[in-house]
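Nothing in this text is a laboratory measurement; each read-out follows from the coordinates by a stated rule. None of these values were measured; they are calculated from a predicted model. A quick note on method: Cβ atoms are made from the backbone with ideal geometry, for glycine too, and the neighbour counts reach across all protein chains shown.
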Amino acid sequence: MKHLALFLLLGACASTTPPAATKASLTPPAAVANEEGAFLLTVFLKHDQAKTLDEIKAHLAETGFWAKFPPDGIEVESWYVMMGVGQVVTIRVPPSRLREVNVILEKAAWGAFRTDFYPTYDLRPVAQELRAKARMKK
């Protein structure tokens with residue numbers, strides 16, 4: 001029963017994204033996103049399961065989460081709901097802006113989500129190359 005409730009909450013939380021939030025509206029000019037040394041950062045926004053969906057939405061509205069995160073000029077690579085976890089966001093962050101991202105999450109997300117952060121890199125091209133080489137050997 002607990003898993004069913006979690007499933008329903010996570011499915012409903014998919015609707016917590018702002019209506020106008022599209023990849024285009026969250027993507028900054030290329031010059032900003034491609035600052036030298038920019039890196040991928042995956043942020044796990046784990047739902048506070050002690051709160052109802054309405055309480056989570058109210059907290060995010062009260063703190064201005066959707067207006068603040070991600071900050072202008074930070075490119076969103078992906079934003080998914082992960083069943084059993086919450087929302088998983090991968091952003092491209094210039095090192096000079098890491099503190100800013102952290103402070104926004106502390107001020108606007110905490111109370112609705114528990115957060116985890118992971119430096120991330122795209123392994124897909126390497127994996128595709130290794131797969132192609134392995135298939136050629138057959």
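Okay, here's what the table says:
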read-out: Theoretical FRET efficiency, 1/(1+(r/R0)^6), r = Cβ-Cβ of residue 131 and residue 50, R0 35 Å, to 0.05; value: 0.20
read-out: Label-point gap, in nm, between residue 106 and residue 85 - each point 7 angstrom along Cα→Cβ; value: 2.4
read-out: Amide H partners (placed H, <5 Å) of residue 110, local residues excluded; value: none
read-out: Segment 67-138 - percent relative contact order, Cα under 8 Å, separation 6 or more; value: 23
read-out: Prolate/oblate/rounded call for segment 38-85, Cα gyration tensor, a/c under 1.5 rounded; value: oblate
read-out: Gyration tensor verdict on segment 70-113 (Cα atoms; rounded if a/c is under 1.5, prolate if a/b is larger than b/c, oblate otherwise); value: oblate
read-out: Residue-span extension gain [residue 120 to residue 62] - 0.36 nm each, minus C-alpha spacing; value: 17.9 nm
